[in-house]
1. Looking only at residues in segment 1-19 that are among the aliphatic types (A, V, I, L, M) and modelled with pLDDT under 95, which one is farthest from Asp65 (Cα to Cα)?
2. Select from segment 20-43 the residues that are farther than 18 Å from Gly67 by Cβ, away from the ligand (no atom under 15 Å from the Cβ) and touching a residue at least 12 places away in the same chain (Cβ under 8 Å) and list them in ascending order.
3. Taking segment 44-65 on its own, how many of its residues are out of contact with any Ser or Thr (no Cβ under 8 Å at 6 or more places or on another chain), within 16 Å of the ligand (Cβ to nearest atom) and not charged (D, E, K, R)?
4. Among the residues of segment 44-68, what is the count of those that are touching a residue at least 40 places away in the same chain (Cβ under 8 Å) and more than 21 Å from Pro16 (Cβ to Cβ)?
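The values are calculated or read from the model by the stated rules, or taken from the named source; none is laboratory data. Note that this is a predicted model, so its numbers are computed, not measured. Methodologically, a virtual Cβ is constructed for each residue, glycine included, from the backbone with ideal geometry; neighbour enumeration extends over all protein chains shown.
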Amino acid sequence: MNSEDTVRGAAVTTTPCRACRTPKPVRMYLCADCWDRLPRPARRALTRRDGQALARLRALHTQLDAGTPLPEITADLTDPEARQ
Ligand SMILES: [Zn+2]
């Protein structure tokens, strides 16, 4: 069991970064460079795991696809608490 986990962990499974297309680990939303450029509130919202996590990820993708600059991403669009 443990060896299987190790093999899986070592496997280089990457997808292109949505923003710059640099290969990144599948588990990460963006590559490290792009992640660092996101506003802190956006990063905090994206790392939160609740019922809106997927919606926030989609909001992130929508903005990236629209060409929104990384520092202007607002991933908490769908977070009612962030609208106060
Ligand atoms: Zn990137």
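1. Ranking the qualifying residues of segment 1-19, first place goes to Met1.
2. Correct list: Pro41 only.
3. Going through segment 44-65 one residue at a time, the tally reaches 5.
4. Looking only at that region, the number is 0.
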